[in-house]
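Derivation of every value follows stated rules applied to the coordinates shown; laboratory data play no part. Worth saying up front: this structure is predicted, and the values here are computed from it rather than measured. Note: ideal-geometry Cβ built from the backbone for every residue, glycine included; neighbour counts use all protein chains shown.
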Amino acid sequence: MPQGIIIGLWLGLAILAANLPWLSERWLLVIACNGRSKPFWLRLMECGLLYGLVLGMGFGFEYKATGAVHAQDWEFYTVTLCLFAVSALPGFIYRYQLRRLLEQAGR
């Protein structure tokens, strides 16, 4: 598989993983939260776990493509975490702002 397709697939999965905690009421899409809404801190913890999963997948793809994983400094992790948080913005806005407005409009 060409490297460009792998990178595009990985970025698409990262964007999907960033939005999943805000769109689902289940813990990691599996465990129900007793009919209640998931608390904010649980959503943040789920975002952290999914960030680690996406980061691990990226390292796996890098190892598969080049045969080695290159060492990274703290700046790399800061930038990728910020990009993950920015890509989670559509799900966050839907969860805490848009959904409430749609319910008020009766849709």
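Before moving on, here are some points about what is shown:
- Relative to one another, the C-alpha centroids of segment 90-104 and segment 1-75 are positioned 23 Å apart.
- Formal net charge of residues neighbouring residue 92 (Cβ-Cβ distance under 14 Å; K, R +1; D, E -1): +4
- Per residue, the average separation of C-alpha pairs within less than 8 Å and at least 6 apart gives the chain a relative contact order of 38 percent.
- For the pair residue 1 and residue 76 in one chain, pulling the backbone fully straight at 0.36 nm per residue adds 24.4 nm over the alpha carbon distance.
- Principal semi-axes in Å for the chain [√(5λ), Cα gyration tensor, largest first]: 31, 15, 13
- Where labels lie 7 Å past Cα in the beta-carbon direction, separation of residue 53 and residue 37 in nm: 2.4
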